Amino acid sequence: MFYAISWFLSFMLLALWSVACWGVHAVTVWAVSSAGALSAGTSAMNAILVPEWIRAWIPPQLTQEFEALIASVGPVVQSALEAVPALSGAVSVMAWAIWGLGAVVLVALAVGAHLLIAVFKRPPAAGNAPVAAAR
């Protein structure tokens, strides 16, 4: 019975691992494919300003520095967004590699649990068994 519980839990963990990897892969592929839509980065970066409700709480000099920092980062973000769609093929390869490593670890843990159960269920050796009183 312990073997069945052990393997059932192992397969459930493997299923959860698979669903988690699939979900992260789907979100990553979506983000990478959507990065092309953001490639108009410099105009979008200039549109990112400090919200009015925050301006009331911070000094004007800090607001100007923050906006200057965002404007200076614009070209870096632009070049990164242009390079991201080229990485979309690598996302699937990385997802499969990470899933495979996790699956191997989970199967190894399942085999280890199986062996541990076998060690604990093993009957004591004949030399260590108590001797029954002879009549």
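The values are calculated or read from the model by the stated rules, or taken from the named source; none is laboratory data. Everything quoted here is computed from the prediction, not taken from an experiment. Neighbour counts run over all protein chains shown; Cβ positions are idealised from the backbone, glycine included.
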Under 8 Å by Cβ, and 6 or more places apart or on different chains, what pairs join a residue from region 102-126 that is more than 13 Å from S10 (Cβ to Cβ) with one that is of a type outside the set (S, T, Y)? K121/F2
Can you tell me which residue among A95, A110, A103 is in contact with a Ser or Thr (Cβ under 7 Å, 6 or more places away or on another chain), surrounded by 14 or more Cβ atoms within 10 Å (Cβ to Cβ) and modelled with pLDDT of 90 or more? A110
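Conditions (1) surrounded by 12 or more Cβ atoms within 10 Å (Cβ to Cβ); (2) modelled with pLDDT of 70 or more; (3) among the small types (G, A, S), marked per residue:
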| position | (1), (2), (3) |
| --- | --- |
| P51 | no, no, no |
| I70 | yes, yes, no |
| L81 | yes, no, no |
| S88 | yes, yes, yes |
| H114 | yes, yes, no |
| I117 | yes, yes, no |
| A129 | no, no, yes |
| A134 | no, no, yes |
